[in-house]
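The values are calculated or read from the model by the stated rules, or taken from the named source; none is laboratory data. Everything numeric here is computed off the predicted structure, so don't read it as measured data. Glycine gets a Cβ as well: all are built from the backbone with ideal geometry, and neighbour counts include every protein chain shown. All accessible areas refer to the heavy atoms of the entire protein, side chains included, with ligands and DNA or RNA removed. Shrake-Rupley method; radii C 1.70, N 1.55, O 1.52, S 1.80 Å.
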Amino acid sequence: MTDASPAKRLDDAGVCRTPHPLEIIQEEHALQLELCALLESIADNLPAKLEPALAVIAISILKGSVKAHTKFEEDALFPILRGRLSSNDTVLQALAGLSLQHECDEDIADELVEALTDALQNSAPQNPEMLGYILRGYFESQRRHIAWEESIVLPAARRALTVEDLTRLQEWIMTSDHPRCIRIPLLTLRAGKSSSSICVKCPASLGQEK
């Protein structure tokens, strides 16, 4: 008998599915793959030119959603998932390797932001060959990293995480620096102190009040 999907488990428990943690990870992976394509385009145009608009977009994503995604995995998803896996589960080794990659990729991302910012300020990269090398190293690593998470981490999470785990992840998302919900305005989300204070007036829950 196949286990119910995480989404169905939340539905069956009467828990709000928005935001669904694992779906958010997939959405963020899609954005990161778009970033990789953008970085590859920048690298392909060097040393002839640097498109300022593309560099500005890349810097914004690297400093914003990419860092938020890594923080969510390291501070919330990975610890909870480790607690649900047996000591001999090979996914634990994969998580350890991915955490090391997070540290390395964050350092490279910071270096990349600095290099792109400097290039914008000077209207051209001072060392286009080095910038191209950093760009290619980063987007190639990210594509491998995302493939591992999609093929190993997310299937393990769908299999192992309980409704309680998923609601804990929702709590983390709703009270983080990057809260997510399709029903509640962003300013309201950021002003909330906890998911309970945020969600109590949600249209999805009003019908349940007596």
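Worth a mention:
- Eligible aspartates and glutamates near Lys49 by straight Cα distance, threshold 13 Å, same-chain separation 8 or greater: Glu129
- Of Met174, Met130, the residue with the largest accessible area leads and the full order is Met130, Met174 (1.4 Å probe).
- Here the Karplus relation 6.51 cos²θ - 1.76 cosθ + 1.60, evaluated at θ = phi - 60°, turns the backbone of the range 111-121 into coupling constants of 5, 5, 4, 5, 5, 5, 4, 5, 5, 5, 5 Hz, with x for every Gly and Pro.
- Loop-resident sites, the range 77-168, for chymotrypsin sites (Phe, Trp or Tyr not before Pro), counting at most 12 other Cβ within 10 Å (DSSP): none
- The accessible area of His102, taken with all protein chains in place and a 1.4 Å probe, comes to roughly 10 Å².
- The residues of the range 32-92 have, on average, 48 Å² of accessible surface per residue, using a 1.4 Å probe with all protein chains present.
- A straight Cα-to-Cα reach below 13 Å connects Lys67 with the aspartates and glutamates Glu28, Asp75, Glu103, Asp105, Glu106, Asp107, Asp110, Asp177, residues fewer than 8 places away in its own chain not being considered.
- Residue-wise HN-Hα couplings along the range 154-168, as the Karplus relation 6.51 cos²θ - 1.76 cosθ + 1.60 with θ = phi - 60° gives them from phi, are 5, x, 5, 5, 4, 7, 9, 6, 8, 4, 4, 4, 5, 5, 5 Hz; Gly and Pro carry x.
- Whole-Hz Karplus values for the range 87-101 come out as 5, 9, 6, 5, 5, 4, 5, 4, 4, 4, x, 5, 5, 5, 5 Hz, taken residue by residue from phi with 6.51 cos²θ - 1.76 cosθ + 1.60 and θ = phi - 60°; glycine and proline positions read x.
- Summarised in one figure, the compactness ratio Rg/Rh of the range 61-164, Cα atoms and Kirkwood Rh, is 1.09.
- Around the amide H of Thr175, modelled in the peptide plane, lies no amide H under 5 Å away from a residue 5 or more places distant or on another chain.
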